[in-house]
Amino acid sequence: MNVQFDNVTKKFGSQTALNSLSFTLNGPKIVGLLGRNGAGKTTALNMMAGCIFPDNGSIVVNGSSPFAQPNNVCLINESGNFKKDFSIKETLKSASLFYPNWDQKRAEELLDLFHLKKSKKVKSLSKGMESGLGITVGLASYSPVTIFDEPYIGLDAAARSRFYDLLIEEYERQPRLFILSTHLIDEAAKLFEDVFIIHKGALLLHQDVETLRSMSFSITGTKKDVTEYLNGKAPIHRKEFAGRATAYVYGSEWNRHEAELYRLDTDSIPIQELMVHLTDSHTGGKK
Amino acid sequence: MMNNIKAVIHYEWTGTKKAASVFWIILGSTVLLSIISAYSFTDGEVYMGGTSIALFAYLTITGFIAVKDSMSYCIQRGATRNQFLAGIGLSFLVTSIIMAVIHTILVELAILVTKDFLNLKTVHFFRLSDLLSTSPSFLSATVVDMLLSFFCLATAFLIGAIFFRFGKTIGLSFLAFSGLILMNASIQTKIGSFLFGDSSNAILMDFVILFFLGVICFFITWLIIRKTSIHPSIQ
């Protein structure tokens with residue numbers, strides 16, 4: 001199970017959504033696709049599912065074009081996934097016909113978990129309930145590539161936590177390539193094995209989480225010590241308060257052990273903050 | 001391949017079933033009310049041709065919204081565009097047959113009630129198969145309705161595809177252009193000779209030609225949507 005983008009470009013009118021985007025995702029694993037609003041995440045995810053054609057470049061999912069044979073992918077968007085007039089029972093029946101690996105028993109277990117009654121119409125569901133239905137369809141599809149694009153609009157913290165547990169449970173039960181795009185990065189970060197950051201339609205970062213954590217850290221100390229350690233090199237973010245300075249650094253040129261020799265305190269940077277500062281408009285999304 | 005086509009047909013049929021049920025309940029009630037009112041209040045001649053118009057209008061709307069309504073869903077769920085078109089084409093064909101059969105039954109029942117039970121000689125039902133003969137058979141009435149039903153679905157599907165793919169401006173321009181063509185005097189003469197042809201065989205053949213025009217519309221739709229992205233909100 002893999003997804004490959006090769007120089008994919010997509011424009012909507014004068015706006016460039018994807019700009020020569022290239023990457024390869026190899027599963028099974030849980031991947032976080034991150035980026036700011038308008039970065040091109042949803043466009044990229046829709047392309048993986050064969051929904052949006054690229055202007056240039058090629059996309060391969062499990063060895064074939066998603067536009068010729070897209071059955072490998074299940075895409076659950078943040079909303080509008082289901083026909084409003086359908087009941088939940090009809091929605092599941094329809095999904096079961098589209099997804100060859102569909103597990104009806106699991107779907108019904110998940111419905112119970114999200115307190116969804118099969119007789120209810122989709123239009124009568126709250127946002128959170130509709131998200132629960134989306135998660136149910138996504139997980140029960142057992143598609144080799146399962147994509148969740150902001151899947152939990154309207155879900156409370158407890159239900160989101162249940163979703164994260166379910167995702168891990170399902171991954172252990174049948175490993176597949178899960179791609180999760182979310183703005184609640186800190187919550188979901190513990191799930192990710194790989195992280196992708198897209199910025200202005202291009203790939204800014206693609207790394208496994210362990211390497212990412214080892215390559216990025218914060219240093220805190222007196223302004224003098226921090227400045228001396230930085231030695232003219234630009235951190236991705238710097239803040240000062242009451243005579244002390246904190247700098248966020250990212251990249252192979254930075255060494256955590258070396259920083260500690262400068263009497264600086266070091267700490268991990270949450271992935272959310274890393275994404276925010278790497279895509280900061282002040283640095284133009286560059287280190 | 002076949003599984004996805006089956007899935008498209010199931011999706012389309014589940015949606016159509018509900019809307020069609022409501023349509024037939026409303027149309028059946030209207031016919032019933034018309035018969036009651038004709039029986040109770042009217043002394044003069046009453047001509048009822050609205051059932052055919054209602055049926056074709058309903059199917060035109062169904063065909064028009066099919067692209068936006070069904071294509072987005074089916075492709076997101078994993079059908080290719082070709083599978084979607086094959087599924088929806090078969091679905092249109094089956095819908096045309098079923099709707100034509102129901103329409104013929106409704107009109108035949110209405111004729112039976114008015115002529116035989118209520119002995120109302122002043123109420124006349126008109127349908128397109130009356131162009132073939134004064135008292136068309138069940139089969140010929142159904143075939144004519146089916147041919148025209150498919151034509152309505154397919155042409156509206158094409159128009160829906162143009163709106164979906166190219167947007168409102170080009171869609172409306174296409175409609176305006178089509179309207180201008182239909183207003184052309186020579187085209188109108190041809191439509192007149194089509195409706196009031198010399199023989200029933202010639203008229204039936206015209207309906208068959210309409211059906212094949214529908215098939216052509218369907219293939220043009222394929223050309224339009226085979227490279228269409230299905231995320232209208234960001235298209």
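The values are calculated or read from the model by the stated rules, or taken from the named source; none is laboratory data. Because the structure is predicted, anything quoted here is derived from the model rather than measured. When we count neighbours, we look across all protein chains shown, and the Cβ atoms used for this are built from the backbone with ideal geometry, even at glycine. When the accessible area is computed, the model is the full protein with side chains, heavy atoms only, and any ligands, DNA or RNA have been set aside. Shrake-Rupley method; radii C 1.70, N 1.55, O 1.52, S 1.80 Å.
Just a few scattered comments:
- Complete set of residues in region B:65-88 that are surrounded by fewer than 22 Cβ atoms within 10 Å (Cβ to Cβ) and either free of Cβ contacts under 8 Å to residues at least 40 places away in the same chain or away from chain A (no Cβ under 14 Å) (or both): B:A86
- Selection from region A:186-210 of residues that are out of contact with any Ser or Thr (no Cβ under 7 Å at 6 or more places or on another chain), open to solvent by 20 Å² or more (accessible area, probe 1.4 Å) and touching a residue at least 60 places away in the same chain (Cβ under 8 Å): A:D186, A:E193, A:K200, A:H206
- Within region B:94-110, if we keep just the residues that are surrounded by fewer than 18 Cβ atoms within 10 Å (Cβ to Cβ) and under 13 Å from the mean Cα position of the chain (by Cα), the residue that is nearest to B:F126 (Cα to Cα) turns out to be B:V101.
- With respect to (1) away from every other protein chain (no Cβ under 14 Å); (2) within 22 Å of B:R81 (Cβ to Cβ); (3) more than 19 Å from the chain's Cα centre (by Cα), the lone exception for A:P54 is condition (1).
- Screening A:Y248 against (1) assigned to a strand (DSSP E or B); (2) under 30 Å from A:E172 (Cα atoms); (3) open to solvent by less than 30 Å² (accessible area, probe 1.4 Å) leaves a single unmet condition, (2).
Yes/no matrix, rows are residues, columns are (1) among the β-branched types (V, I, T); (2) without any contact (Cβ under 8 Å) to a residue 12 or more places away in the chain; (3) more than 20 Å from A:P100 (Cα to Cα); (4) open to solvent by 10 Å² or more (accessible area, probe 1.4 Å):
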{"site": "A:N7", "(1), (2), (3), (4)": "no, no, yes, yes"}
{"site": "A:T16", "(1), (2), (3), (4)": "yes, no, yes, yes"}
{"site": "A:L21", "(1), (2), (3), (4)": "no, no, yes, no"}
{"site": "A:L45", "(1), (2), (3), (4)": "no, no, yes, no"}
{"site": "A:V73", "(1), (2), (3), (4)": "yes, no, no, no"}
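- Test: A:S58 is of a type in the set (S, T, Y), surrounded by fewer than 18 Cβ atoms within 10 Å (Cβ to Cβ) and part of a loop (DSSP other than H, G, I, E, B): no
- Residue in region B:29-42 that is assigned to a loop (DSSP other than H, G, I, E, B), more than 14 Å from every other protein chain (Cβ to nearest Cβ) and open to solvent by 40 Å² or more (accessible area, probe 1.4 Å) present: yes
- Only one entry in B:V144, B:V123 is closer than 20 Å to B:F212 by Cβ and open to solvent by less than 50 Å² (accessible area, probe 1.4 Å), namely B:V144.
- Tally of residues being closer than 21 Å to B:Y11 by Cα and under 23 Å from the mean Cα position of the chain (by Cα) across region A:99-131: 3
- Some residue of region B:141-158 being touching a residue at least 12 places away in the same chain (Cβ under 8 Å), in contact with a Pro (Cβ under 8 Å, 6 or more places away or on another chain) and not aromatic (F, W, Y): yes
- Taking (1) open to solvent by less than 30 Å² (accessible area, probe 1.4 Å); (2) more than 10 Å from chain B (Cβ to nearest Cβ) in turn, A:F98 satisfies each apart from (2).
- Strands (runs of 3 or more DSSP E) within region A:1-51 that include 2 or more residues of a type in the set (F, W, Y): A:2-12
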